Amino acid sequence: MDFWENKRVWIIGASSGIGEGLVRCLIKKNAWVVVSARRKDRLEQLRNESPSAQLTLLPMDVEDHGSIGEKTKDAWSHFGGLDVVFLNAGIAVRDRSIETSLDLEKKLFDINFWGLVAVAKALLSLKSPDSLLHLAVTSSLSGKYGVPKLAAYAASKHALHGYFDSLRAETSSNLRIHLVIPGFVRTDIAVTGWKGDGTANGKMQNAL
Ligand SMILES: NC(=O)c1ccc[n+]([C@@H]2O[C@H](COP(=O)([O-])OP(=O)(O)OC[C@H]3O[C@@H](n4cnc5c(N)ncnc54)[C@H](OP(=O)(O)O)[C@@H]3O)[C@@H](O)[C@H]2O)c1
């Protein structure tokens, strides 16, 4: 039997790019999928393509840390628990460090790092010690190396490694933590990301 058959999966950052591709793939593999992101219209498009019972919408903003406990309970209860959670939401700031405000860099951390950590903490409070849960955290090659004009983004991805490698070391083997390290994937992340002054970057890139 395929690993994904009947698995209960939550994908955060499901409305475009890598997450959207993952939804389509897992629906074909007969997983039960809760999809989250801010853009409800994009999530609704995915639902229109899928058998209705198999896919559930849960719009959320991971920057809104106060709402994450309730959203996580909703995701957990919908299919009576979760087997795999993709912590895939992320945004990029593309500019020289000197041109980028500290406030914008903190905002990026609130999404890319603290938002995903808050979800992981909420999941741990719901998970029983003997149930198995996989957490797939989307890092990046820039979580391993420094990259010009991506200092805050690279730092947020490095921070995910530090946090989730440590969490793996302190928890039981029933919590399986996977750090996913993609290279360049042609998605909207550059277009929807910001320049250092907080305005939309608006340009497709040919490499991260
Ligand atoms: N593309 C690459 O080359 C590449 C390489 C390495 C790693 N990655 C990582 O892969 C992940 C997916 O990125 P992508 O390339 O597929 O870009 P994308 O198409 O822009 O996808 C980003 C996803 O994150 C969601 N998101 C952003 N801010 C959010 C928030 N505050 N709350 C909830 N969801 C939020 C977006 O949905 P909404 O805007 O609807 O909220 C979208 O679904 C990111 O973590 C990115 O850092 C990408």
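The values are calculated or read from the model by the stated rules, or taken from the named source; none is laboratory data. Values in this document were obtained by computation on a predicted structure and should not be read as measured data. Every residue, glycine among them, receives a Cβ derived from its backbone with ideal geometry; neighbour counts consider all protein chains shown. Protein only, heavy atoms only, side chains kept; ligands, DNA and RNA dropped before computing areas. Shrake-Rupley method; radii C 1.70, N 1.55, O 1.52, S 1.80 Å.
Table for the structure above
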item	result
Matching strands (runs of 3 or more DSSP E) fully within the range 1-101 where at least 1 residues are more than 26 Å from A155 (Cβ to Cβ) and touching a residue at least 40 places away in the same chain (Cβ under 8 Å)	8-12, 32-36, 84-87
Options S131, S172, S101; residue that is within 20 Å of F86 (Cβ to Cβ) and hydroxyl-bearing (S, T, Y)	S131
Subset of the range 62-83 [open to solvent by less than 20 Å² (accessible area, probe 1.4 Å) and in contact with a Gly (Cβ under 9 Å, 6 or more places away or on another chain)]	V62, I68
Pair list, Cβ < 6 Å and 6+ apart or interchain, from the range 170-182 residues that are within 20 Å of S131 (Cα to Cα) to residues that are more than 16 Å from the ligand (Cβ to nearest atom)	N174/L132; L175/L133; R176/H134; I177/R168
Residues of the range 26-61 classified as open to solvent by 30 Å² or more (accessible area, probe 1.4 Å) and among the polar types (S, T, N, Q), total	4
Residues (closer than 28 Å to S101 by Cβ and open to solvent by 60 Å² or more (accessible area, probe 1.4 Å)) located in the range 144-180	K144, Y145, G146, P148, K149, H158, Y163
Residue check for K127: open to solvent by less than 70 Å² (accessible area, probe 1.4 Å), modelled with pLDDT of 95 or more and over 17 Å from the mean Cα position of the chain (by Cα)	yes
Every residue from the range 84-109 that is surrounded by 18 or more Cβ atoms within 10 Å (Cβ to Cβ) and near the ligand (Cβ under 10 Å from one of its atoms)	F86, L87, N88, A89, G90, I91, A92, L108
